[in-house]
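The values are calculated or read from the model by the stated rules, or taken from the named source; none is laboratory data. Computed from a predicted structure; not experimentally measured. Ideal geometry is used to build each Cβ from the backbone, glycine not excepted, and the neighbour counts take in all protein chains shown.
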Amino acid sequence: MYQKFLAYKHCRTFQALLKPKECTAGLFLLLVIKSTAPNIDRRVTIRNTWGKGGVINGVKVKLVFLLGITERFLGQPLYQSLATEYRQYGDILQWDFQDSFFNLTLKEIHFLRWFATDCSSAKYVFKGDDDVFVNVFNIIEYVKYFNPDRDLFVGHILYNAIPKRNKKLKYFIPDIMYKNKAYPPYAGGGGYVMSRRTVLQLHQVAADVDLFPIDDVFVGMCLFRLKITPVPHNGFRTLGVPDAFMFDPCLYKDLIVVHRLNPAQIWIMWSLVTDTNFRCAKDEKDSARKLNVNLI
């Protein structure tokens, strides 16, 4: 697997098979979600809960899913179901490479290229996985204090992460692929937020950075090359939340991203967080204070 990656890592350009509808002028927030063809239930859940596009709190929001190719699932071809899904929603961006763990970096650089050519009108980008709950209202509240034409990269930042040298681990990296003792700072891939300027700069520098099999680390390498310092934020829980708080809507109302949720859990949390009759056991002033501390 690693030998194959090294042999073909110079292949960096693949044809787009499906492209979403155009990004309109005035787009404020682009929600970009890594998915795979079999994860239909996750995409349906996101479209009907936190990922609804349109106008939210007075700004335009658009949803896009990033996919490669999965030819068969449970012995059945997937191209027909995906084509039907695309015709109905028009929010799928798919390329002609196999969906695999090692090809997530290909998905990264192809998204950056598509953004630069087809969607650079978007002021901010949230990029994450298809098993996350996202409080889009809090993203909008947070980024409105920034300038989209200045650098911004915020999320759950990992510092001094050490490459895994155990061959049995999913994130195993042999010395020949990375010799340094630690990775540069990078964000957990469950979700992070970027400004338009940062996305465009990542697109430019990515062409000069060798492909790396862990896409989150690859983005960190690009940020390091650009001398952009990623900003840590307590609202990004890319390691999930403790089981005791799994269904605490008051916690979710104050966060931005919670990772590692299944579709049923996302539906439950969305219904609780958006229930206008539900009130947390604290006064509104304390809620506003807590939110302000978390977001700023």
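The numbered conditions (1) closer than 21 Å to Lys34 by Cβ; (2) acidic (Asp, Glu); (3) loosely packed, with under 15 Cβ neighbours inside 10 Å are all true for Asp208 except (1). Among the numbered conditions (1) in contact with a strand residue (DSSP E or B) (Cβ under 9 Å, 6 or more places away or on another chain); (2) of a type in the set (A, V, I, L, M); (3) not in a strand (DSSP E or B), the only one that Val209 does not meet is (1). Considering only residues that are at pLDDT below 95 and among the hydroxyl-bearing types (Ser, Thr, Tyr), look in region 136-173 and name the one that is farthest from Ile56 (Cα to Cα). Result: Tyr171. Checking the stated criteria, Leu30 turns out not to satisfy the condition of being in contact with a strand residue (DSSP E or B) (Cβ under 9 Å, 6 or more places away or on another chain), closer than 22 Å to Leu211 by Cβ and modelled with pLDDT of 95 or more.
Just so you know, in region 1-18 the residues that are part of a helix (DSSP H, G or I) and of a type in the set (A, V, I, L, M, F, W, C) include one that is surrounded by the most Cβ atoms within 10 Å (Cβ to Cβ), and it is Phe5.
Considering only region 54-64, state which residues are part of a strand (DSSP E or B) and either surrounded by fewer than 22 Cβ atoms within 10 Å (Cβ to Cβ) or not aliphatic (A, V, I, L, M) (or both). Within region 54-64, Gly54, Val55, Ile56, Val59, Lys60, Lys62 meet the criteria. Among residues of region 26-53 that are within 23 Å of Asp99 (Cβ to Cβ) and surrounded by fewer than 19 Cβ atoms within 10 Å (Cβ to Cβ), those with a beta-carbon under 7 Å from a residue that is at pLDDT 95 or above and not acidic (Asp, Glu) at least six positions away or on a different chain give the pairs Asp41/Pro263; Arg47/Leu63; Arg47/Tyr89.
Here Asp216 fulfils each of the conditions (1) out of contact with any Gly (no Cβ under 6 Å at 6 or more places or on another chain); (2) within 15 Å of Phe153 (Cβ to Cβ) apart from (1). Of everything in region 186-218, what is among the charged types (D, E, K, R) and touching a helix residue (DSSP H, G or I) at 6+ places or on another chain (Cβ under 6 Å)? Give them in sequence order. Within region 186-218, just Asp215 meets the criteria.
Working only within region 232-245, note down all residues that are modelled with pLDDT of 85 or more, surrounded by fewer than 18 Cβ atoms within 10 Å (Cβ to Cβ) and more than 16 Å from the chain's Cα centre (by Cα).
Across region 232-245, the qualifying residues are Asn234, Pro242.
Is it the case that Leu104 is hydrophobic (A, V, I, L, M, F, W, C) and surrounded by 21 or more Cβ atoms within 10 Å (Cβ to Cβ)? So Leu104 fails the test. Residues in region 24-38 that are over 22 Å from Trp95 (Cβ atoms), hydrophobic (A, V, I, L, M, F, W, C) and assigned to a loop (DSSP other than H, G, I, E, B): 1 in all.
Candidates are the residues of region 178-208 that are out of contact with any Asp or Glu (no Cβ under 7 Å at 6 or more places or on another chain) and of a type in the set (D, E, K, R); the one that is nearest to Thr117 (Cα to Cα) is Asp208. Taking the condition of being among the aliphatic types (A, V, I, L, M) and part of a loop (DSSP other than H, G, I, E, B), how many residues in region 112-158 meet it? Looking only at that region, the number is 2. For the structure I just gave you, tell me whether Ile92 is touching a helix residue (DSSP H, G or I) at 6+ places or on another chain (Cβ under 6 Å), farther than 25 Å from Tyr171 by Cβ and not small (Gly, Ala, Ser). Considered against the rule, which asks whether it is touching a helix residue (DSSP H, G or I) at 6+ places or on another chain (Cβ under 6 Å), farther than 25 Å from Tyr171 by Cβ and not small (Gly, Ala, Ser), Ile92 comes out as yes. Would it be correct to say that Phe224 is out of contact with any helix residue (DSSP H, G or I) (no Cβ under 7 Å at 6 or more places or on another chain) and part of a helix (DSSP H, G or I)? Yes; evaluated as a whole, the condition is true for this residue. Apart from one condition, Tyr178 fits all of (1) in contact with a strand residue (DSSP E or B) (Cβ under 7 Å, 6 or more places away or on another chain); (2) surrounded by 16 or more Cβ atoms within 10 Å (Cβ to Cβ); the exception is (1).
Taken over region 65-85, the residue count meeting the criterion of being modelled with pLDDT under 85 and surrounded by 14 or more Cβ atoms within 10 Å (Cβ to Cβ) is 1.
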